[in-house]
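As structure tokens, the structure follows; a few thoughts come after it.
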Amino acid sequence: MCDPCLTPPLRLSGIVEESIVDGPGLRFVLFTQGCPHHCKGCHNPQTHSFSGGFLLRAEDVLTRMQEDPLLAGVTFSGGEPFEQAQALCAVAQGVRRMGLDVVTFTGYTYEALLRRADSWTDRLLALTDLLIDGPYVESLRDPELRFRGSSNQRELDRAARERLRLRMAS
């Protein structure tokens, strides 16, 4: 469990309070600040610096979300959300308590996240309903893809992640 009052604040680049393009349904989107990937042609290059953006507490995010009864859930985008896994866990737990879902975009592959062997990464993965993984590859850009920028990126729901995890273990 992660107490929102005890977690570090989120460093964000921006917030979109209602989006229909960042996951299924109406989404509250947090764009995290800081990304180690620096993908060529990145849609959000302003999020790369780890020192930019602004700070916001998890409980403030949850309060804002509670004001919109139409939301399906929260989307964590970037930057790189897994660089702030602890703070995002506090948001994700609160979102799940509200009966909403969690979508997380990452430039890491799911397999690389599992190899991190980091408890906060593992917790954020467990709280994520839909993971969009993989770096953006400009040469594989495909505007027809749902929720993804390039064809190497995957939409991994819980069942797909479990199949991959089992395959890796064998």
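The values are calculated or read from the model by the stated rules, or taken from the named source; none is laboratory data. Not measured: the values here are computed from a predicted model. Glycine gets a Cβ as well: all are built from the backbone with ideal geometry, and neighbour counts include every protein chain shown.
Against the criterion of being closer than 17 Å to L127 by Cα and out of contact with any Asp or Glu (no Cβ under 6 Å at 6 or more places or on another chain), T7 qualifies.
Applying the criterion of being loosely packed, with under 15 Cβ neighbours inside 10 Å, touching a residue at least 40 places away in the same chain (Cβ under 8 Å) and of a type outside the set (K, R) to the residues of the stretch 38-51, the residue that is farthest from R141 (Cα to Cα) is H43. Please go through the stretch 55-71 and give me each residue that is within 17 Å of A85 (Cα to Cα), hydrophobic (A, V, I, L, M, F, W, C) and surrounded by fewer than 17 Cβ atoms within 10 Å (Cβ to Cβ), ordered by number. Result: L55, single match.
Looking at the structure I just gave you, is V29 closer than 30 Å to E138 by Cα and among the aliphatic types (A, V, I, L, M)?
yes
Residues checked against (1) modelled with pLDDT of 95 or more; (2) closer than 23 Å to H48 by Cβ; (3) small (G, A, S):
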site: T75; (1), (2), (3): yes, yes, no
site: F82; (1), (2), (3): yes, yes, no
site: A90; (1), (2), (3): yes, no, yes
site: Q93; (1), (2), (3): yes, no, no
site: L100; (1), (2), (3): yes, no, no
site: P143; (1), (2), (3): no, yes, no
site: R146; (1), (2), (3): no, no, no
site: D157; (1), (2), (3): yes, no, no
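It is to be established whether one or more residues within the stretch 43-62 are assigned to a loop (DSSP other than H, G, I, E, B) and acidic (D, E). No: zero hits.
Of everything in the stretch 17-48, what is of a type in the set (G, A, S), under 17 Å from the mean Cα position of the chain (by Cα) and over 20 Å from D129 (Cβ atoms)? Give them in sequence order. It would help to see each step written out before you state the result.
Step one: of the stretch 17-48, the residues of a type in the set (G, A, S) are 19, 23, 25, 34, 41.
When the remaining residues are screened for being under 17 Å from the mean Cα position of the chain (by Cα), the result is 19, 23, 25, 34.
The answer is G34, and nothing else.
All conditions but one from (1) more than 15 Å from H37 (Cβ to Cβ); (2) of a type in the set (D, E); (3) in contact with a helix residue (DSSP H, G or I) (Cβ under 6 Å, 6 or more places away or on another chain) apply to D129; the one that does not is (3).
In this structure, C35 does satisfy being assigned to a loop (DSSP other than H, G, I, E, B), in contact (Cβ under 8 Å) with a residue 40 or more places away in the chain and crowded, with 20+ Cβ neighbours inside 10 Å.
Set side by side, the residues I15, I20 differ, and just one is without any contact (Cβ under 8 Å) to a residue 12 or more places away in the chain and of a type in the set (V, I, T), which is I20.
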